[in-house]
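The values are calculated or read from the model by the stated rules, or taken from the named source; none is laboratory data. The model shown is predicted, which means the values in this text are computed figures rather than measured ones. Using ideal geometry, Cβ is built from the backbone for each residue, glycine included, and neighbour counts are taken over all protein chains shown.
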Amino acid sequence: MNRSLIKHLLVGMTAAATLGTASLSHAADPIKIGAINIRSGSAATYGEFAQKGFDLAVKEVNASGGILGRQVEMMYEDSQAKAATAIQAARKLVYSDGADAIVGLDSSGVAQGMVPTMTELQKPLIITHAATPDVTGKLCNAFTYRVSVNVSQNMKAAAMVASKSDAKNWTTIGPDYAFGHQSWEYFGNYLKAMKPDVNLMSETNFPRFGAEDFTPFIDRVMNSDADGVLISVWGGDLVNFVRQANDRGFFDKGLDLMFTVGAATEVLSALGEEMPEGVHLSTRYWFDAYDNDVNKHFVKAYVDAYGNAPSYNAEGAYAAIYAYKKAVETAGTTDGPAVAKALSGMSFDAPNGKVTFRAGDHQALVSPNWGVSGPMDAKLGIRTLTNLQVFDGEAVTPSVEETGCQL
């Protein structure tokens, strides 16, 4: 064999070895998922509970071999409930930290601001909490998905509950941004269609998000002709609201009260017996509402790990990781556009049943839960839900044409 041929073979062998080493090195690199949630201020518990859901899912996924043989690594950022902060965090996660996907978002206002940037980032976003219909409606795009219940779905279910009430004059108390205003708008439209004789009062109440004093709004409702009230205050604000409402005798007035996210276990844990019995409470997921193997496993694993019942935000976070896992495995890659495409129309098993991301708008067809606050659960330290209703996700979701989404 001449020297030239030997040299050629050695170069080829070296190149092959180098490529093999690079391939193995890439395979060993973790898949990075960036989570953006509220991690400070009055709603910080939502970020805390979301992280518990993310961490539990990632621990399970990694223990079972990861995704495509690669371990998963979570990176956490605080949105501070500000759209500009969330956008900055998303760009940092993708451009500086190498995130393959983004998950989370709690505030509708934050989601409205951040969703348009996903086409720039070219990474899939799975929203686990923020409920504005706009992000799977007029602001929809190829990269944005939502695994949790949105305002339209929940308010149609709410209207179905309210339509059976004797209340005639309805008003609202909700945060003064998209979530509060859209909750009232959708609820009113659905209820009026079901029960045309109801009166949707012009006297509405929208305290700022993060307000400390709700008494002027509580007093205003108590001094009005309202006999039905939709309350979409949430998080730490809802805890403060309920305590102040108790002090004012609000719950002794015989009003028909509907709390749109009152059965969030973060809130119920903070309030304990201070949450009154006999009021309508909703949640995007109630841990005791689903009799399936995935939910049984999730609830047990969560209680074993953290000692309390999982919230809907923890469930949404947990489900998002498994949705992303299936999409990556379907696509055979972590490439952003490929994974986003794989999510479209995809179904997977979640604690709240089989979930499908509708291809036309990327909204998950999931089931709102409504019940009535019942006795205390001594073991978990929260009120139970009685008269629990699990609404069919498909039945409460408007058509793609109605959403305004054009993908």
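Here are the numbers for this structure:
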{"quantity": "Residue that is surrounded by 14 or more Cβ atoms within 10 Å (Cβ to Cβ), within 24 Å of SER269 (Cα to Cα) and β-branched (Val, Ile, Thr), where the choices are VAL233, VAL221", "calculated": "VAL233"}
{"quantity": "Count - residues of region 97-139 that are outside any helix (DSSP H, G or I) and under 24 Å from THR260 (Cα atoms)", "calculated": "15"}
{"quantity": "Residue in region 217-228 that is under 30 Å from ALA57 (Cβ atoms) and either in a loop (DSSP other than H, G, I, E, B) or aromatic (Phe, Trp, Tyr) (or both) present", "calculated": "no"}
{"quantity": "Conditions (1) touching a Lys or Arg at 6+ places or on another chain (Cβ under 8 Å); (2) part of a loop (DSSP other than H, G, I, E, B); (3) touching a residue at least 24 places away in the same chain (Cβ under 8 Å): number failed by GLY345", "calculated": "(3)"}
{"quantity": "Failed item in (1) in contact (Cβ under 8 Å) with a residue 40 or more places away in the chain; (2) of a type outside the set (S, T, N, Q); (3) closer than 20 Å to TYR46 by Cα, with ALA84 passing the rest", "calculated": "(1)"}
{"quantity": "Residue check, GLY316 surrounded by 17 or more Cβ atoms within 10 Å (Cβ to Cβ) and either touching a residue at least 40 places away in the same chain (Cβ under 8 Å) or touching a Lys or Arg at 6+ places or on another chain (Cβ under 8 Å) (or both)", "calculated": "yes"}
{"quantity": "Test: residue in region 322-330 that is part of a loop (DSSP other than H, G, I, E, B) and without any contact (Cβ under 8 Å) to a residue 60 or more places away in the chain", "calculated": "no"}
{"quantity": "Qualifying position, being under 24 Å from VAL400 (Cβ atoms), surrounded by fewer than 24 Cβ atoms within 10 Å (Cβ to Cβ) and modelled with pLDDT of 95 or more, among LYS138, LYS168, LYS164", "calculated": "LYS138"}
{"quantity": "Tally, over region 323-363, of residues that are closer than 19 Å to VAL294 by Cβ, surrounded by fewer than 20 Cβ atoms within 10 Å (Cβ to Cβ) and β-branched (Val, Ile, Thr)", "calculated": "2"}
{"quantity": "Count of region 44-79 residues which are in a helix (DSSP H, G or I), surrounded by fewer than 19 Cβ atoms within 10 Å (Cβ to Cβ) and polar (S, T, N, Q)", "calculated": "1"}
{"quantity": "Count of region 231-245 residues which are within 15 Å of the chain's Cα centre (by Cα) and of a type outside the set (Gly, Ala, Ser)", "calculated": "1"}
{"quantity": "Positions within region 278-308 being surrounded by 15 or more Cβ atoms within 10 Å (Cβ to Cβ) and under 25 Å from VAL161 (Cα atoms), in sequence order", "calculated": "VAL279, HIS280, LEU281, SER282, THR283, ARG284, TYR285, TRP286, PHE287, ASP288, ALA289, TYR290"}
{"quantity": "Residue within region 246-267 that is loosely packed, with under 15 Cβ neighbours inside 10 Å, touching a residue at least 60 places away in the same chain (Cβ under 8 Å) and either part of a loop (DSSP other than H, G, I, E, B) or more than 17 Å from the chain's Cα centre (by Cα) (or both) present", "calculated": "no"}
